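First the structure, in the form of structure tokens, and then the observations on it.
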Amino acid sequence: MSIDIYSPKGKKIRYVVPDPISWGTDANNVKHLTLGAIYTVERTEVHSWHTKLFLQEVPGIPFSTVWFDEVVE
């Protein structure tokens, strides 16, 4: 489970982790997501020990890449 940390802008992904508290940082931001919903990658920021994911549907709020699966189109 999780997406490619270098996912390009526009890539479709699905929120799949129902309880992300133990699945990376930014767990408080889960309130902006709906389980099973499809979102669009705006950008990723790859750091030495984690990656922040930003979504077009929720501007400016970071999420963990491990909360999502890629959508096969």
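The values are calculated or read from the model by the stated rules, or taken from the named source; none is laboratory data. Note that the structure is predicted; figures quoted are calculated from it, not measured. Cβ sites come from the backbone with ideal geometry, for glycine too, and all protein chains shown count toward neighbours.
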Does segment 30-49 hold any residues that are buried (at least 16 other Cβ atoms within 10 Å of the Cβ) and either in contact with a Lys or Arg (Cβ under 8 Å, 6 or more places away or on another chain) or not β-branched (Val, Ile, Thr) (or both), and which are they? Leu33, Tyr39, Val41, Glu42, Thr44
Restricted to segment 1-21 and to residues being at pLDDT 95 or above and among the charged types (D, E, K, R), the residue farthest from Glu70 (Cα to Cα) is Lys9
Return the pairs, sorted by first residue and then second, in which the second residue is in a strand (DSSP E or B) and among the aromatic types (Phe, Trp, Tyr), the first residue lies in segment 22-51 and is at pLDDT below 80, the beta carbons are less than 7 Å apart, and the residues are 6+ apart or on different chains. Asp26/Phe63
